[in-house]
Amino acid sequence: MSSSCDPQYAPAGDVGAALMVIDSRLKAVYDGRSGTDPEQRRLMDQFAASLDPEGVRDLVDGACTLVYMFTTWLRKAYEAHDKDAIEYVVPHLVATMRTMPRSVRPEAIPTMAGMVIAAATDLSPSLWRKQYGEWTKDEMNPLEATALLLAEHINRLTGDRDYATRLIANALSGAGQE
């Protein structure tokens with residue numbers, strides 16, 4: 001029986017823009033910058049200001065698609081070693097978010113963990129979240145952090161700082177050719 005949270009019913013959103021944001025943040029982390037440099041911050045602010053409400057919704061849906069795709073990759077990778085991704089990914093995600101109180105408010109952590117668990121059980125994170133109402137402004141940084149931490153987890157597992165970005169870029173280019 002199909003769930004109302006089945007990924008086939010979820011909007012993909014603007015995955016390319018969401019990936020650009022996550023890739024930019026990953027590069028900043030890997031370059032050892034705790035914050036974004038002023039030029040990068042200016043460009044990101046300019047990009048965000050250019051979005052209308054539909055563009056914001058598409059970016060949020062794109063971030064949820066990234067969460068789903070990253071979590072699916074992690075689930076398959078852990079299953080290949082007879083391990084449960086939820087057991088390894090969610091505690092790390094929660095522990096890391098707890099160390100980020102300026103970006104991730106404690107009350108957002110259960111929602112983000114729930115999204116990852118939804119994705120790991122093959123449900124759409126955006127449709128799962130939608131059951132509980134509209135996104136709040138306070139959930140935007142935690143959503144970005146969730147996608148970032150999942151991408152970094154993939155990169156760490158593969159030993160390749162660009163693997164997660166390439167994974168999505170290849171999926172997007174493959175989808176464009178179909």
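Using the structure shown, decide if residue 113 is hydrophobic (A, V, I, L, M, F, W, C) and in contact (Cβ under 8 Å) with a residue 12 or more places away in the chain.
Spelling it out, residue 113 is indeed hydrophobic (A, V, I, L, M, F, W, C) and in contact (Cβ under 8 Å) with a residue 12 or more places away in the chain.
Name the single residue that is surrounded by the most Cβ atoms within 10 Å (Cβ to Cβ) among those in the range 97-110 being among the basic types (Lys, Arg) and free of Cβ contacts under 8 Å to residues at least 12 places away in the same chain.
98
Quick one: is residue 71 of a type in the set (Val, Ile, Thr) and modelled with pLDDT of 95 or more? Before you say what the answer is, go through the steps one by one.
Values: of a type in the set (Val, Ile, Thr): yes; modelled with pLDDT of 95 or more: yes.
When the stated conditions are applied, residue 71 passes them.
Does any residue in the range 3-24 that is outside any loop (DSSP other than H, G, I, E, B) come within less than 6 Å, Cβ to Cβ, of a residue that is of a type in the set (Ser, Thr, Tyr) six or more places away or on a different chain, and which pairs are these?
Correct list of pairs: 7/124; 15/65; 23/165.
Among the candidates 140, 115, 69, which residue alone is assigned to a helix (DSSP H, G or I), closer than 18 Å to residue 15 by Cα and touching a Lys or Arg at 6+ places or on another chain (Cβ under 8 Å)?
Details: 140 fails: touching a Lys or Arg at 6+ places or on another chain (Cβ under 8 Å); 69 fails: touching a Lys or Arg at 6+ places or on another chain (Cβ under 8 Å).
Sole residue among the options that is assigned to a helix (DSSP H, G or I), closer than 18 Å to residue 15 by Cα and touching a Lys or Arg at 6+ places or on another chain (Cβ under 8 Å): 115.
Is it the case that some residue within the range 38-47 is over 21 Å from residue 140 (Cα atoms), modelled with pLDDT under 85 and out of contact with any helix residue (DSSP H, G or I) (no Cβ under 9 Å at 6 or more places or on another chain)?
For the range 38-47, residues over 21 Å from residue 140 (Cα atoms), modelled with pLDDT under 85 and out of contact with any helix residue (DSSP H, G or I) (no Cβ under 9 Å at 6 or more places or on another chain): present.
Restricting to the range 116-150, count the residues that are touching a residue at least 24 places away in the same chain (Cβ under 8 Å) and either charged (D, E, K, R) or touching a Phe, Trp or Tyr at 6+ places or on another chain (Cβ under 6 Å) (or both).
9
With the requirement that a residue be surrounded by 19 or more Cβ atoms within 10 Å (Cβ to Cβ), more than 13 Å from the chain's Cα centre (by Cα) and modelled with pLDDT of 95 or more, what does the range 121-166 give you?
The answer is 155, and nothing else.
Among (1) within 21 Å of residue 10 (Cα to Cα); (2) buried (at least 19 other Cβ atoms within 10 Å of the Cβ), which single condition is residue 89 missing?
Of everything listed in (1) within 21 Å of residue 10 (Cα to Cα); (2) buried (at least 19 other Cβ atoms within 10 Å of the Cβ), residue 89 misses just condition (1).
Going by the structure shown, is residue 65 open to solvent by 20 Å² or more (accessible area, probe 1.4 Å) and closer than 18 Å to residue 23 by Cα?
Against the criterion (open to solvent by 20 Å² or more (accessible area, probe 1.4 Å) and closer than 18 Å to residue 23 by Cα), residue 65 qualifies.
Is at least one residue of the range 46-61 within 20 Å of residue 155 (Cβ to Cβ), open to solvent by less than 50 Å² (accessible area, probe 1.4 Å), in a helix (DSSP H, G or I) and touching a Ser or Thr at 6+ places or on another chain (Cβ under 6 Å)?
no
The values are calculated or read from the model by the stated rules, or taken from the named source; none is laboratory data. These numbers were taken from a predicted model, which means no experiment stands behind them. Neighbour counts run over all protein chains shown; Cβ positions are idealised from the backbone, glycine included. Quick note on the areas: whole protein, heavy atoms, side chains included, nothing else; ligands and nucleic acids left out. Shrake-Rupley method; radii C 1.70, N 1.55, O 1.52, S 1.80 Å.
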